[in-house]
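The values are calculated or read from the model by the stated rules, or taken from the named source; none is laboratory data. Owing to the predicted nature of the structure, the values given are computational and were not obtained by experimental measurement. Glycine also receives a Cβ, built like all others from the backbone with ideal geometry; neighbour counts cover every protein chain displayed.
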Ligand SMILES: [Zn+2]
């Protein structure tokens, strides 16, 4: 979990209190992005993204690092 922070993650860290940042990080990490082809999963946070106080299960057109296919990845929240 020590991957470098993305621009938006660093930006959030700069403007949020430490507690709020930790909360956001935990929340973003509970949101998983799943490949429709091989079911490979990673968290929104690992991808350098932020998802906080959000709901719904949107889809995102992404390339998968596991099978290298483009597809509509499902985004869903795993209970923390
Ligand atoms: Zn895949």
Seminar exercise, completed: Within region 1-11, residues being surrounded by 13 or more Cβ atoms within 10 Å (Cβ to Cβ) and assigned to a helix (DSSP H, G or I) number 1
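Conditions (1) touching a strand residue (DSSP E or B) at 6+ places or on another chain (Cβ under 9 Å); (2) modelled with pLDDT of 95 or more, marked per residue:
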site: 1; (1), (2): no, no
site: 11; (1), (2): no, yes
site: 14; (1), (2): no, yes
site: 17; (1), (2): no, yes
site: 20; (1), (2): no, yes
site: 26; (1), (2): no, yes
site: 34; (1), (2): yes, yes
site: 39; (1), (2): no, yes
site: 43; (1), (2): yes, yes
Seminar exercise, completed: Over region 12-28, the set of residues crowded, with 16+ Cβ neighbours inside 10 Å, touching a residue at least 24 places away in the same chain (Cβ under 8 Å) and either in a loop (DSSP other than H, G, I, E, B) or within 12 Å of the chain's Cα centre (by Cα) (or both) is 24, 27, 28
Exercise. What number of residues within region 29-47 are assigned to a strand (DSSP E or B) and on the phi > 0 side of the Ramachandran plot?
Worked result: 0
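If I go through region 20-43 residue by residue, how many of them are within 16 Å of the ligand (Cβ to nearest atom) and either in contact with a helix residue (DSSP H, G or I) (Cβ under 8 Å, 6 or more places away or on another chain) or within 12 Å of residue 76 (Cα to Cα) (or both)? Reasoning before the result, please.
Step one: filter region 20-43 for residues within 16 Å of the ligand (Cβ to nearest atom), giving 32-43.
Checking which are either in contact with a helix residue (DSSP H, G or I) (Cβ under 8 Å, 6 or more places away or on another chain) or within 12 Å of residue 76 (Cα to Cα) (or both) leaves us with 32-35, 41-43.
So the count comes out to 7.
Looking only at region 50-80, which residues are away from the ligand (no atom under 12 Å from the Cβ) and either surrounded by 12 or more Cβ atoms within 10 Å (Cβ to Cβ) or not in a loop (DSSP other than H, G, I, E, B) (or both)? It would help to see each step written out before you state the result.
Going residue by residue through region 50-80, those that are away from the ligand (no atom under 12 Å from the Cβ) are 50-61, 75-80.
If the condition is that a residue be away from the ligand (no atom under 12 Å from the Cβ) and either surrounded by 12 or more Cβ atoms within 10 Å (Cβ to Cβ) or not in a loop (DSSP other than H, G, I, E, B) (or both), then 50, 51, 52, 54, 58, 59, 60, 61, 75, 76, 77 are the ones that fit.
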